[in-house]
Amino acid sequence: MDLGIDGRVALVIGGGRGIGYAVCNDLAAAGCKVAIADINGDGAKESAGNLAAETSAETMGIGLDISSLESVKSGYDEVTKKFGAPEILIITAAIVDDKLFLESSIDDWKPMIDICLYGPMNVLSVALPSMVENKYGRVVCMATDSARVGQARLSYYAAAKAGVVALVKSVAQEVGSKGVNLNVVSPGATNTELRMAREEAMKAEMGEEKYARRVEKVLRMYPVRRIGEPEDIASITAFLVSERASWITGQVVSVNGGFVMP
């Protein structure tokens, strides 16, 4: 399928691995120039090199702390200097914390809000002006279905991501007439490096037999009977920034194997 984005400049924040890297792969295959930004700058550069080798796309990797407006400005300027102003923006950077709300504190809440809510606000404040000026832009922010229906042990993560959903819907109304579309992709459980590390830690804590029962119970909650893969999320994300999705804005698209059907 021709996505109609050949030659476009794409900036993927949190693109060093997992869902972000899978999105980078799809965008590179569609002909985009891909800038990978990540808190781990060395990892971003390594991923950019791997992506260039795999796809022959023009790529670059930079370190960027989404919670710092100054870091976002510096990274954005670096991308613009090499490729031109980003026309496609994907924000996947996030942290997750598995804790009961009454066992949490402001020391848990603040980094979550800084990264998962203020982070996208920082990026949009920097990236949108050039999109509006050029009358073209495609933005996708990652959220979670826990932001839509709630989920125990993910309260402040869900709250931050619910803020992202409201932010995207509101900004989409403001800039739609300027040729800029914003949407949210809401993944279910996905086999990223982060999730796999958490699962391994859980297995070590619970033991093989108890963990196996847990896995079976979890899979029964998914009608398709499997956990998602980064490529499942990447494909819909690439579509939403394509010309085939030019009439879609302000929407939340759940990609979750049927786990939640809001």
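Read-outs throughout are calculated quantities, based only on the coordinates presented, and are distinct from any laboratory measurement. Keep in mind that this is a model prediction, so the values were computed, not measured. Here the Cβ is made from the backbone with ideal geometry for all residues, glycine too, and neighbour counts use every protein chain on show.
A few comments on the model shown:
- Mean separation of Cα contacts under 8 Å, 6 or more apart, over the residue count of region 1-84: relative contact order %: 26 percent
- A simple spin-label model places pseudo-atoms 7 Å from Cα toward Cβ; at Lys110 and Ala204 they are separated by 2.9 nm.
- In the elastic network of the chain, a GNM with C-alpha springs shorter than 10 Å, the most mobile of Ile91, Ile227, Ile13 is Ile227.
- The chain: relative contact order as a whole-number percent, Cα under 8 Å and 6+ apart: 20 percent
- Between Leu102 and Glu174, the simple label model (points 7 Å from Cα in the Cβ direction) yields a spacing of 3.9 nm.
- Under 22 Å of direct C-alpha separation, and excluding same-chain neighbours fewer than eight residues apart, Lys99 reaches these lysines: Lys110, Lys161, Lys203, Lys210, Lys217.
- Inter-label distance for Ala152 and Tyr222, nm, one decimal - labels placed 7 Å from Cα along Cα-to-Cβ: 2.1 nm
- Recomputing Kirkwood radius over Cα pairs in Å from the coordinates shown identifies the correct label among (1) 19.4; (2) 17.9; (3) 18.7 as (3).
- Chain lengthening between Trp247 and Ala29 when straightened (0.36 nm per residue, less Cα-Cα): 76.2 nm
- Per-pair calculated FRET efficiency, R0 = 45 Å: Ala166 and Asp6 via Cβ, rounded to 0.05: 0.85
- Region 46-124 versus region 153-187: alpha-carbon centroid distance in Å: 16 Å
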